[in-house]
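These notes concern the structure reproduced below.
Please treat every number below as a calculation from the coordinates, not as lab data. Just so it is clear, the model here is predicted, and its values are computed rather than measured. As a convention, Cβ positions derive from the backbone with ideal geometry for all residues, glycine included, and neighbour counts pool all protein chains shown.
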Amino acid sequence: MKRALALLLCMSVIASGCATAGPSRMSISTSLQTSPPLLPDRGLMIAYLKQLPPGSKVRASLTDGSTLHGTLMKATDQEIVIQPRTRIPELPRDVPMDRIRAVELENGGTGVGKAVAIGVAVGVGTFFGVLMLLAAVYGD
């Protein structure tokens with residue numbers, strides 16, 4: 001009985017690591033590099049950027065493949081101004097509309113509800129793991 005429970009415990013620990021495996025970054029980056037860059041409709045991009053309120057946290061993907069994270073300061077027909085979010089303060093950057101491939105709002109990470117749910121799940125998993133370990137050690 002002890003061996004079967006210990007084996008079950010070991011298998012559950014090993015199997016839980018397999019669920020987090022995803023596609024490697026190498027396969028994602030090579031698939032992006034092989035496709036030609038698609039540029040959005042300029043008028044649609046300008047309309048979208050003008051409706052964003054100044055102070056929005058954005059991530060701008062540029063045509064050269066780089067990404068700029070920061071705070072949107074201003075959007076005009078010709079360019080947007082982004083204050084980069086860096087450890088050392090930098091001057092705001094003017095990015096011409098011709099260099100912008102995509103702009104996305106950043107929501108700031110996990111919310112309180114998601115953090116609480118993760119904490120509860122970790123606590124429940126730990127409780128059952130310790131319970132199974134105690135049953136393996138003291139059970140007969």
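Overview of values
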quantity: Listed peptides 73-85, 53-65 by packing density, highest first (mean Cβ within 10 Å); calculated: 73-85, 53-65
quantity: Leu7 versus Lys50: modelled label distance in nm, points set 7 Å from Cα along the beta carbon direction; calculated: 7.0 nm
quantity: √(5λ) per eigenvalue of the Cα gyration tensor, segment 36-108, largest first, Å; calculated: 18, 14, 11
quantity: 5 angstrom amide H check on Ala102, placed H, neighbours 5+ away; calculated: Ser61
